[in-house]
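Structure record follows, encoded as C-alpha cells.
Every number here is computed from the coordinates shown, using simple stated rules; none is lab data. Note that the structure is predicted; figures quoted are calculated from it, not measured. When we count neighbours, we look across all protein chains shown, and the Cβ atoms used for this are built from the backbone with ideal geometry, even at glycine.
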Amino acid sequence: MRRYNVGVIGATGMVGQRFLTLLSGHPWFKVTVVAASSRSAGKPYREAVGAKWAMSVPVPEEIASLTVMDAVADKEIIAGSVDFCFCAVDMKKDDILSLEEAYARLECPIVSNNSANRQVPDVPMVVPEVNPEHIEVIEWQKKRLGTKKGFIAVKSNCSIQSYVPALHPLRKYGLRSVLACTYQAISGAGKTFATWPEMTDNIIPYIAGEEEKSEKEPLKVWGELRDGKIVNASSPLITTQCLRVPVSDGHTAAVFVSFDKKPSKEDIINDWREFKGVPQELELPSAPKQFLNYFSDDNRPQTRLDRDLERGMAVSIGRLREDTQYDYKFVCLSHNTLRGAAGGGVLLAELLAAKGYFD
Ligand SMILES: NC(=O)c1ccc[n+]([C@@H]2O[C@H](COP(=O)([O-])OP(=O)(O)OC[C@H]3O[C@@H](n4cnc5c(N)ncnc54)[C@H](OP(=O)(O)O)[C@@H]3O)[C@@H](O)[C@H]2O)c1
C-alpha cells in the first residue's frame, strides 16, 4: 500500500485530537496538514491547541510544530497538497455542507465525522463492518459534483455505533422493533470534566438532535444502493432516548428488540461471536480482530473496563435475556471518540484506500 498525505480539518477539537493520535505512526496515512478556525490559524499546533489538548498521550512530536491552516480561507492550498482530508468541525450545518462540498469539488476527498452530509442520498454513511458496499454510490456522487477524484464519505453518529453492529447479524431473523436508551459520555460533546464541571454527579436527559439521528441513521446504514442513491430501509421500527451521563468516554446502550422469527439466546450469542466484516477479511490496520464481543458476566460491559477493547474499536455486549414485552434485551458499549468518531473515520478511510478511492 502506498503512503497517503492527509489533512485533518478541525484538528484542535476533541475528535481532531483523536485523529492525530491515531494517525501518528499509521502505516498508510501521514498527517501533513492541520487546519481549524481562523482563531487557531497561523499558530504552531501545540500553541493553537494549548490547554484544549485532552488526550492521555502528549501531542505527537511530528505535529506539534506544524502551522495550523485556516480550513476555510486556505482550502485551495490544503486541497492541493494532500491526498484526502478527515473533517470534524463544530460549525453550522449549512457551513459544513458547503465546506465539505467545496473540498470535494477541489478534488480533495473528505472523510467526515460531521452530521451535515449524512442524509444526502449519494453520500455513503458507512460502518465498515456493516455496509461497506455503500461506498459504490461515490461514482454517482462524483457525477453530480462533476469531479474525477473528489467526494464525501461519512461515518454515522457515535450513538448508533454500539447497537447497530450488535443488531446487524440478527437481521436474518427479521428485526421488527427496536427500543434503545443510550447513556452517552461527555467527550461526545467535545468536553471533559474540567471543561464541563456541571456534569459531575449529574445526568442531563437531553442531547440536541441525538434521538432523531439515532432513529433515522440505522435505516440509511441498512439501506440499499438503487439508481445511484442509498434508499433507506423501511424496518425495523426504532425508538430511542439519549441521556448525557457522567462518564468521560464510552457510549452505552440498553436495547430491547423483537423479531419476526424469534431466535434462541444461543443462536444470538453465536451470531455475535462468528460475525466478521470486510475490514476483518481485508485485515485493515485499524480493524478489531473480534468486532462483537459477548460477556457472560452480569456486570459487563462496563465503560471503564471495556471501552478500550481492541484499541477502542470493538463493541462489547452483555446481559442478553428474554424480556416481558420485547423478545430480548441486552446492553452494549462502544468507545464514542474511537470507534464512534475518529477510529471509525480512520477505518472508513482504510476501506476507501484499500478499494482505490484515493488514487
Ligand atoms: N466528540 C465526539 O464523540 C463526536 C462523535 C462523532 C461526531 N462528532 C462530530 O465531530 C465534529 C467535531 O466534534 P468535536 O467534539 O471534535 O468538537 P470540538 O472539540 O468543539 O472541535 C471543533 C473543531 O472545529 C473547529 N472549528 C470551529 N469553527 C470553525 C470554523 N469556522 N472553521 C474551521 N474550523 C472550525 C475548531 O477549531 P478552533 O479550535 O480553531 O476553534 C475545532 O478544531 C462535530 O460535527 C461533532 O458532531 C463528535
**Complete:** When ARG39, ARG244 are ranked with the fewest other C-beta atoms within 10 Å first, the list becomes ARG39, ARG244
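Could you work out the helix-only [θ] at 222 nm for the chain, with each DSSP H run of four or more residues adding -39,500 (n - 2.57) and the total divided by the number of residues, to the nearest 500 deg cm²/dmol?
-7500 deg cm²/dmol
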**Request:** Tell me the trypsin sites (Lys or Arg not before Pro) within the stretch 87-164 that lie in a loop according to DSSP and have at most 11 other beta-carbon atoms within 10 Å.
**Result:** LYS92, LYS148
**Prompt:** Remind me, relative contact order of the chain in percent, using alpha carbon pairs under 8 angstrom and six or more residues apart?
**Reply:** 17 percent
**Choice from ALA194, ALA102, ALA254 with maximal GNM fluctuation in the chain (Cα, 10 Å cutoff)** = ALA194
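How big is the charge dipole of the stretch 160-335 about its Cα centre, in debye rounded to the nearest 20, if each Lys and Arg gets +1 on its Cβ and each Asp and Glu gets -1 on its Cβ?
Numbers: 23 positive and 25 negative charges, 40 e Å.
That gives a dipole near 200 debye.
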**Request:** Using a Gaussian network model of the chain whose springs link C-alpha atoms within less than 10 Å, name the residue from ILE207, ILE238, ILE160 with the highest mean-square fluctuation.
**Result:** ILE207
**Request:** Using only Cα atoms, tell me the angle between helix 14-23 and the longest principal axis of the chain; keep it within 0 to 90° and round to the nearest 10.
**Result:** 80 degrees
**Message:** Only four residue types carry charge here, +1 at the Cβ of Lys and Arg and -1 at the Cβ of Asp and Glu. Report the dipole size of the chain about the Cα centre in Debye, rounded to the nearest 20.
**Reply:** 180 debye
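Could you rank the peptides 74-82, 333-341 by their average count of other C-beta atoms within 10 Å per residue, with the highest value first?
In decreasing order of mean packing, 74-82, 333-341 become 333-341, 74-82.
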**Prompt:** Angle between the Cα long axis of helix 93-105 and the longest principal axis of the chain, 0 to 90 degrees, nearest 10?
**Reply:** 60 degrees
**Item:** Cα-based helix-to-principal-axis angle, 210-221 vs the chain, degrees rounded to 10
**Value:** 90 degrees
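Per the Kirkwood treatment, what hydrodynamic radius in Å, one decimal, follows for the stretch 160-335 from the mean inverse distance over all distinct Cα pairs? All intermediate terms of the calculation are to be shown ahead of the outcome.
Working: mean 1/r = 0.0588 Å⁻¹.
In the stretch 160-335 this quantity evaluates to 17.0 Å.
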**Fill in**
Fewest-first ordering of ASP83, ASP94 by Cβ atoms within 10 Å yields ASP94, ASP83
**Request:** Find the relative contact order for the stretch 160-335 and round it to a whole percent, using C-alpha pairs within less than 8 Å whose residues are 6+ positions apart.
**Result:** 28 percent
**Prompt:** When ILE204, ILE96 are ordered from fewest to most other Cβ atoms inside 10 Å of their Cβ, what list results?
**Reply:** ILE204, ILE96
**Asked** Using all Cα-Cα distances in the chain, what percent lands in each 20 angstrom bin from 0 up to the longest?
**Response** 31, 59, 10
